[in-house]
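I have placed the structure first, in the form of structure tokens, so that the comments after it can refer back to it.
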Amino acid sequence: MNRSETVARALREAAPHRLVAVLRDALAEHYGAVSVEVLLADYGLEVLCRVTEPFGECGEEFSVFNSIVGRVFGAQATFVEDDLASGTEVVHLPVSARGDRLGVLVVGVKAGTSSEETIVDLEHVATAFGHELLVAERDTDVYRSLRRRDRLTLAAEVQWDLLPGRAYECPEYSIGAHLEPAYAIRGDNFDWSAEPDRLHLGITNGMGEGIEASLLTGLAVNALRNARRGGVSLADQVALADKAVYAQYRGERYLDVLMLDFDLETGEVEVVDAGSPRLYLLRDDRVSQLPFEPQLPVGMAEDSVYTTQNLKVEPGDRLVFASDGVFDAPGEAEESFGDRALAKAILATRLLPSVSVPQEVLRHLTAYQGGREAVDDALVLCLDWRGRS
């Protein structure tokens with residue numbers, strides 16, 4: 001068993017709350033590490049919080065935008081620098097799991113010992129640590145607590161626990177998504193399920209404020225998942241969720257849903273548009289909004305019937321989904337952000353990877369609004385389609 005696998009095995013056997021301590025000990029023993037630091041991204045993806053022990057709130061913060069660890073986090077690339085004062089080499093490694101960026105691992109080793117083989121080993125360790133971190137969050141709150149720069153509202157707590165992650169990557173496609181205000185999100189949500197031959201993707205926006213909006217969205221998302229896992233068709237998934245929401249609220253509360261089912265082999269997509277989330281297509285450096293025939297929002301009326309529409313995506317296509325808090329957001333002029341500025345933002349970010357697009361589009365939105373605080377939830381999801389060759 002090589003060194004990196006020995007460290008990975010130690011992480012797998014560690015108690016959830018002792019992952020960082022076990023990682024430090026294992027790297028010191030097997031790689032002669034003189035220092036080991038773990039930094040985790042906060043909920044807003046603005047800073048990296050240093051993990052300190054004993055555990056407490058978010059420790060020392062490093063900007064995601066203008067620090068060495070921030071650049072490693074954004075580029076997802078290892079960076080090695082010399083620390084002449086201490087006679088060490090400092091290796092900065094991105095920590096992620098299947099494309100979902102979690103943080104940065106910083107390992108200090110004696111000068112002259114960071115060979116190419118050692119760097120590759122440490123990259124394997126960082127990846128293993130990322131996977132174990134996600135598993136550990138199922139059983140302990142310490143890492144979620146560390147990532148908080150501020151207190152989450154109860155509604156936001158419900159919403160973040162509903163999410164599958166903030167990014168996912170596989171050979172056929174990559175996904176990146178973000179929600180704002182991160183610490184007070186209410187009714188917006190996204191969901192996906194990666195299958196052997198298909199991708200199921202959904203954007204939901206529950207009406208209302210605070211916990212009422214998050215409970216409504218939670219009911220709908222779980223109803224959609226229940227129907228999807230039962231193997232029913234896309235239209236019937238939405239219909240069954242509609243029945244569940246209507247039975248609970250009798251039409252007084254409802255939510256907008258945009259559901260898509262992708263065939264990985266052909267690029268054929270089934271779509272159910274039941275509300276306001278919009279879909280924009282970037283193809284050959286041109287942005288267009290894809291118009292679908294709107295159907296009744298989920299839970300608005302009793303026994304609603306939903307039908308699917310069809311779309312075909314091609315390798316190289318980028319799909320950007322936006323909630324009404326994005327495209328309806330007013331600017332300093334008369335126009336809403338979605339009239340023209342959103343398409344310009346999508347075009348301006350065309351060279352970025354999908355995981356970076358949502359946050360950049362939301363920064364364009366903030367600038368468009370003159371830096372004013374958003375009055376509604378804002379959701380952006382980016383899907384880069386490569387298809388199956």
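The values are calculated or read from the model by the stated rules, or taken from the named source; none is laboratory data. Since the structure is predicted, the reported quantities are computational estimates derived from the model, not experimental observations. Every residue, glycine among them, receives a Cβ derived from its backbone with ideal geometry; neighbour counts consider all protein chains shown. For accessibility, only protein heavy atoms count, side chains too; no ligands or nucleic acids. Shrake-Rupley method; radii C 1.70, N 1.55, O 1.52, S 1.80 Å.
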Contact list, first residue from segment 154-170 and assigned to a helix (DSSP H, G or I), second anywhere and among the β-branched types (Val, Ile, Thr) and surrounded by 16 or more Cβ atoms within 10 Å (Cβ to Cβ), beta-carbon distance below 6 Å, six or more apart or interchain, is LEU154/ILE211; ALA155/ILE211; ALA156/ILE185; GLN159/ILE185; LEU162/VAL221
Any residue in segment 250-273 that is surrounded by fewer than 23 Cβ atoms within 10 Å (Cβ to Cβ) and at pLDDT 95 or above sitting within a Cβ distance under 6 Å of a residue that is in a loop (DSSP other than H, G, I, E, B) and of a type in the set (Lys, Arg)? List the pairs, counting only those 6 or more apart or interchain.
LEU264/ARG388; GLU265/ARG388
For the structure I just gave you, tell me whether LEU27 is closer than 22 Å to ASP150 by Cβ and in contact with a helix residue (DSSP H, G or I) (Cβ under 9 Å, 6 or more places away or on another chain).
no
Kindly evaluate GLN289 against the criterion of being open to solvent by 10 Å² or more (accessible area, probe 1.4 Å) and either closer than 23 Å to LYS344 by Cα or among the basic types (Lys, Arg) (or both).
yes
Output the residues belonging to segment 75-95 that are under 13 Å from LEU39 (Cα atoms) and in contact (Cβ under 8 Å) with a residue 40 or more places away in the chain.
VAL95
Please enumerate the residues belonging to segment 245-304 that are of a type in the set (Gly, Ala, Ser) and in a strand (DSSP E or B).
ALA274, SER288
If only one of TYR246, TYR254, TYR183 is over 20 Å from LEU290 (Cβ atoms) and either among the basic types (Lys, Arg) or under 16 Å from the mean Cα position of the chain (by Cα) (or both), which one is it?
TYR183
Report yes if some residue within segment 112-122 is touching an Asp or Glu at 6+ places or on another chain (Cβ under 6 Å) and of a type in the set (Ser, Thr, Tyr); otherwise report no.
yes
Considering each of LYS344, LYS312 in turn, give the residue that is within 20 Å of MET259 (Cα to Cα), open to solvent by 50 Å² or more (accessible area, probe 1.4 Å) and among the basic types (Lys, Arg).
LYS312
Determine which member of the set GLU332, GLU373 is over 27 Å from GLY165 (Cβ atoms), assigned to a loop (DSSP other than H, G, I, E, B) and not hydroxyl-bearing (Ser, Thr, Tyr).
GLU332
Working only within segment 43-76, note down all residues that are farther than 20 Å from LEU362 by Cβ, small (Gly, Ala, Ser) and out of contact with any strand residue (DSSP E or B) (no Cβ under 7 Å at 6 or more places or on another chain).
GLY56, SER67
Name the single residue, out of those in segment 334-360 being of a type in the set (Lys, Arg) and farther than 21 Å from TYR173 by Cβ, that is nearest to the chain's Cα centre (by Cα).
LYS344
Can you tell me how many residues in segment 348-370 are over 23 Å from ASP317 (Cβ atoms) and not in a helix (DSSP H, G or I)?
2
Please work out if ALA227 is over 25 Å from the mean Cα position of the chain (by Cα), outside any loop (DSSP other than H, G, I, E, B) and among the hydrophobic types (A, V, I, L, M, F, W, C).
no
Sort through GLU180, GLU117, GLU132 and tell me the only one that's among the acidic types (Asp, Glu) and surrounded by fewer than 17 Cβ atoms within 10 Å (Cβ to Cβ).
GLU117
Condition first: touching a strand residue (DSSP E or B) at 6+ places or on another chain (Cβ under 6 Å) and either open to solvent by 10 Å² or more (accessible area, probe 1.4 Å) or of a type in the set (A, V, I, L, M, F, W, C) (or both). Now tell me which residues in segment 208-220 satisfy that.
ALA213, LEU216, ALA220
Of everything in segment 120-129 that's surrounded by fewer than 21 Cβ atoms within 10 Å (Cβ to Cβ) and in contact with a helix residue (DSSP H, G or I) (Cβ under 7 Å, 6 or more places away or on another chain), which residue is nearest to TRP160 (Cα to Cα)?
HIS124
Against the condition part of a loop (DSSP other than H, G, I, E, B) and either at pLDDT below 95 or touching a Lys or Arg at 6+ places or on another chain (Cβ under 7 Å) (or both), how does ARG144 come out, does it pass?
no
Of everything in segment 68-94 that's at negative phi and polar (S, T, N, Q), which residue is least open to solvent (accessible area, probe 1.4 Å)?
THR88
